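The structure appears below as structure tokens.
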Amino acid sequence: MSLYENTQKLIARAGATMNLSPEMRLIMNEPERVLTVNFHIHRDNGKLEMFRGFRVQHNTLRGPAKGGVRFHPQVDMEEVKALAGWMSIKCAVVDIPYGGGKGGIEVDSTQLSECELEQLTREFTRAIAPIIGPRRDVPAPDVRTNGQIMNWIADEYHKIHPNEDDYLAVVTGKTLDNGGSLGRDSATAAGGVHVLEAFLATKNEKVAGMRIAIQGFGNAGAWMAKILAGKGAKIVAVSDSRGGVYNANGLDITAVEKIKDEKGSVTAAVGEQISNEQLLASECDILILAALENQLTVKNVDSVRAKIVAELANGPTTPEAHELLEKQGTTVLPDVLTNAGGVTVSFYEWEQNLRGEKWSEADVAAKLEKSQKTAFADVANTAAEFKTDLRNGSYILALRRIEQAFAEKHSAAESCSDSV
Ligand code: NAD
């Protein structure tokens, strides 16, 4: 089953629970626009190399498409379509005026020099330029892309559209000296912590003292580890693509971060060396998934011992594994809610760029907290209304909001033109 089929399945499941109209089911089942681009760069050794990239706009009924750009060898159209579909749902869950988009290049960018990476980014930008823009489609960082790469996208877009004054708003996640927002780096994790705390509050519990395992120690996972450790949680295990490390008494996260910077992996940190499969099965209260999709499947979900699984990554649990987790009494805090802090602060950056403003870090943090907590309450209420889990509740909430946008558009549109 392809990743996009998973997305369709989740939309269909919510559609069936809420009795979604057949029109909306059709609209949400396929992306509005998919673009494949093939382009080349000159490697430092003088050789020409071809690359394939993608940009997908899943649904734009609520606003411009919004979603990251991923540089990874496993990027393909089905993955990008799935990620774009999840963005349509996510932006509606947190009620920001965007639709869903996503992009990517099939590349092992770790093998490129800085100059090659810049060429790759600029050529990709030129290739997708006809469909992006501050009010059409606004890319952002994702796996293996960062602020510098976003700066190159904005700059290349500006070269193509020199008369667009608001060109910086074509992309978010830029560096602070180039229109980026304070608080963007930590936003995904901070938003995840707000959701986790809001959920624990419903059980009169707190993160302090909780034993937490985190898969993935990149932007999302490392920030999550730092924030939670700062709140008194015990981070018992972390991992990256090379493996993981475990300490039942809690890892020193500052030391783990230092080792990761110096040696390129958390595996060199002090503690028991473990594999990623062992991390997923480790003895803990909360398992945080912050790496890639399809990490918990029917094959390994039985081994999960945590009572809460928080999805900071997109699509880390297959729909079948999710069902099994809920059956065994584990609550899943779903990706489309838990990791929405990133796109929310991207929205704040976009607003600051369009209004020519600069917000303080405290303002951004306060707005984000309010937004994530409101979204959690909306999702929890919807899930309670339909007696369903939080993932299905998130999808139902989002589909209702998208359906509302469709109804507003439909009633405003003239059915036929009589001027011809
Ligand atoms: P990143 O590239 O900074 O980090 C990814 C981490 O996962 C790295 O530590 C990598 O080594 C690790 N990893 C890769 N394969 C692994 C494997 N098989 N097992 C264990 N670890 C593995 O990426 P990121 O920005 O932190 O994104 C991580 C996830 O969070 C992705 O699914 C992304 O779509 C999602 N996400 C990120 C943001 C954001 O703002 N960064 C926002 C929303 C969602």
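The values are calculated or read from the model by the stated rules, or taken from the named source; none is laboratory data. Computed from a prediction, not measured in an experiment: that's the story for all the values here. Glycine gets a Cβ as well: all are built from the backbone with ideal geometry, and neighbour counts include every protein chain shown. Heavy atoms of the whole protein, side chains included, go into the accessibility calculation; ligands, DNA and RNA do not. Shrake-Rupley method; radii C 1.70, N 1.55, O 1.52, S 1.80 Å.
Would you be able to tell me the number of residues in region 123-144 that are at pLDDT 95 or above and either at positive phi or assigned to a loop (DSSP other than H, G, I, E, B) (or both)?
5
So, in region 216-250, of the ones that are more than 14 Å from the ligand (Cβ to nearest atom) and within 21 Å of A187 (Cβ to Cβ), which residue ends up surrounded by the fewest Cβ atoms within 10 Å (Cβ to Cβ)?
Checked region 216-250; the qualifying residue surrounded by the fewest Cβ atoms within 10 Å (Cβ to Cβ) is G230.
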* To do: Might you check whether a residue that is part of a helix (DSSP H, G or I) and surrounded by 15 or more Cβ atoms within 10 Å (Cβ to Cβ) occurs anywhere in region 35-47?
  => no
* Asked: In region 45-57, is there at least one residue being in the same structural domain as P139 (by TED's automatic domain parsing) and either β-branched (V, I, T) or under 17 Å from Y395 (Cβ atoms) (or both)?
  -> yes
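Give the residues of region 314-332 that are of a type in the set (V, I, T) and more than 16 Å from the ligand (Cβ to nearest atom), sorted by residue number. Quick ask: steps written out before the conclusion?
If we filter region 314-332 for residues that are of a type in the set (V, I, T), which is where we start, we get 317-318, 330-332.
T330, T331 - these are the residues of region 314-332 that are of a type in the set (V, I, T) and more than 16 Å from the ligand (Cβ to nearest atom).
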* To do: Tell me which residues, restricted to region 292-306, are open to solvent by 40 Å² or more (accessible area, probe 1.4 Å) and in contact (Cβ under 8 Å) with a residue 40 or more places away in the chain.
  => L292, N294, Q295
* Examine region 307-316 for a residue that is of a type outside the set (S, T, Y), at negative phi and surrounded by fewer than 23 Cβ atoms within 10 Å (Cβ to Cβ), and state whether such a residue exists. => yes
* **Every residue from region 273-291 that is touching a Leu at 6+ places or on another chain (Cβ under 8 Å) and open to solvent by 10 Å² or more (accessible area, probe 1.4 Å)** => A290
* To do: Scan region 320-341 residue by residue and report those that are open to solvent by less than 20 Å² (accessible area, probe 1.4 Å) and within 14 Å of G393 (Cα to Cα).
  => H322, V332, L333, P334, D335, V336, L337, T338
* **Identity of the residue in region 123-155, farther than 30 Å from L61 by Cβ and out of contact with any strand residue (DSSP E or B) (no Cβ under 9 Å at 6 or more places or on another chain), that ends up nearest to the ligand (Cβ to nearest atom)** => N146
* Check region 103-121 and report whether any residue there is open to solvent by 10 Å² or more (accessible area, probe 1.4 Å), within 16 Å of the ligand (Cβ to nearest atom) and within 13 Å of the chain's Cα centre (by Cα). => no
* Report yes if S371 is surrounded by fewer than 23 Cβ atoms within 10 Å (Cβ to Cβ), among the hydroxyl-bearing types (S, T, Y) and in contact (Cβ under 8 Å) with a residue 12 or more places away in the chain, otherwise no. => yes
* Among the residues of region 183-215, write down those that are of a type in the set (D, E, K, R) and within 14 Å of the ligand (Cβ to nearest atom). => R184, D185
* To do: Could you look through region 126-140, keep only residues that are under 21 Å from N353 (Cα atoms) and touching a Lys or Arg at 6+ places or on another chain (Cβ under 9 Å), and pick out the one that is surrounded by the most Cβ atoms within 10 Å (Cβ to Cβ)?
  => P139
* Structure fact -> Selection from region 52-80 of residues under 25 Å from Q119 (Cα atoms) and charged (D, E, K, R) yields R52, R55, K66, R70, D76, E79
* Structure fact -> Going through region 1-34 in order, the residues found to be open to solvent by 80 Å² or more (accessible area, probe 1.4 Å) and either in contact with a Gly (Cβ under 6 Å, 6 or more places away or on another chain) or polar (S, T, N, Q) (or both) are N19, R25
